[in-house]
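A short write-up of the structure that comes next.
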Amino acid sequence: MTTLGQMASSQPPVIDGPDTALKLLGVDWSDAVSAIGTAAAVVVSLLLALSSWLKSKKADTRLRATEEKLELDRQRREANLVSAWIEDHYLPSHDGTHYIRQLSAHLANEGNLPVHNVAVGFTCPNTGAESRVRMGPLSVPPVVPTLAPRTHRTWDLTLALLAWSDEHFSYIDDIRTDVHFSDSYGSRWHRGSDGVLCSDDTADSPLFTELSTEDGMQQLGRNISVANPTSIGITFVAALRDAVATGDVSEVLEFLAPIPAWSDIDQEQCSKILGRIGGLGFASHVHYPAPQVAYLRFVDEQSIAKRSHKAELVEIAGEVMTLIFLPDLGWRIFTIGNATSPDAIEFPAGSLGNDWKQTRP
């Protein structure tokens, strides 16, 4: 029989006091609870900090996006104030017998900041096609380095557009402009022939584009006569080849300006000129630095393959044929080599004027 003393001695001892705390997996329960509570607090703090950081980052992102949009809107407002267009009007002739149609290109910056590296081009309808033919800058400088604020510039296109007239020297209709430029913030813009302004983010582009025979002929102009400098250049090279082959330079003389420098040209000189330009390609766009002066460029194959990065200027190798427009004769070759500045050209007396009805051939 089990006695009460034995029962009492067989029961587990009473757990009492801090020194006899229950242990779980070797960890004091009170310490475990404290550690778990601390860890939870740290996690909550981290989550709160992360949430606050994410909200701050989103706010910063929205703020930057807003600032970028406001900046782009500000730049667009400035860019919208740059435009180019063509106007034509009629002036009475000096003798009062007829009107003279005068066409001019206009370039304006109505903003408060300058724009840079401005390039203006012109297009006209393509015969039998929906696309438009690029005519080049015509009388506008290929690049206007800076167009100051509140500036309006004009250039006379009347004689330059004779190459695009019909056989009766009636000017072509629906000539449009497009303009590329950089704003004062360094952004590049393009206003197309439809008048729409857009960001011009083209990284680079070819300086020259190879054209099909049909497209090339379209870009040469519609009036293939002495009213077209490119027509003069092409037929002059053919005349040089004939002169070198036959020794007869009479046909070559028909393309040269009546100046002393060309009076004694012979077969040997024709051969030298042909050696300089005969193997070069034609740049289809003629530049007119002054109303009765034209530059026709001959470029080599290496230059044709070059590319332009955004608005940078690229040096090309080649020759420039400088032509002058003379009454009753049309375009005639003045020099071949470096471009001759208009103010270095001595015209025959009475040759300069704006009455093309009197001076055209």
Neighbour-count ranking [beta-carbon atoms within 10 angstrom, fewest first] of 280, 253, 240, 54
54, 253, 280, 240
Under a point spin-label approximation (7 Å from Cα along Cα-to-Cβ), what is the residue 146-residue 46 distance to one decimal in nm?
5.8 nm
Fewest first, what order do 124, 198 take by the number of other Cβ atoms within 10 Å?
198, 124
Say each of residue 261 and residue 245 gets a label point 7 Å from the Cα, pointing the same way as Cα to Cβ; how far apart are those two points in nm?
2.9 nm
Suppose R0 equals 51 Å. What FRET efficiency, 1/(1 + (r/R0)^6) with r the Cβ-Cβ distance, do residue 66 and residue 234 give to the nearest 0.05?
0.35
Rounded FRET efficiency, nearest 0.05, which uses the C-beta distance separating residue 341 from residue 154 and R0 of 22 Å
0.60
For residue 99 and residue 170 in one chain, what is 0.36 nm times their gap in residues minus the Cα-Cα distance, to one decimal in nm?
24.2 nm
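Values quoted throughout were computed directly from the atomic coordinates according to the rules given, and no laboratory measurement underlies them. Since the structure is predicted, the reported quantities are computational estimates derived from the model, not experimental observations. All Cβ positions, glycine included, derive from the backbone under ideal geometry; neighbour counts span all protein chains shown.
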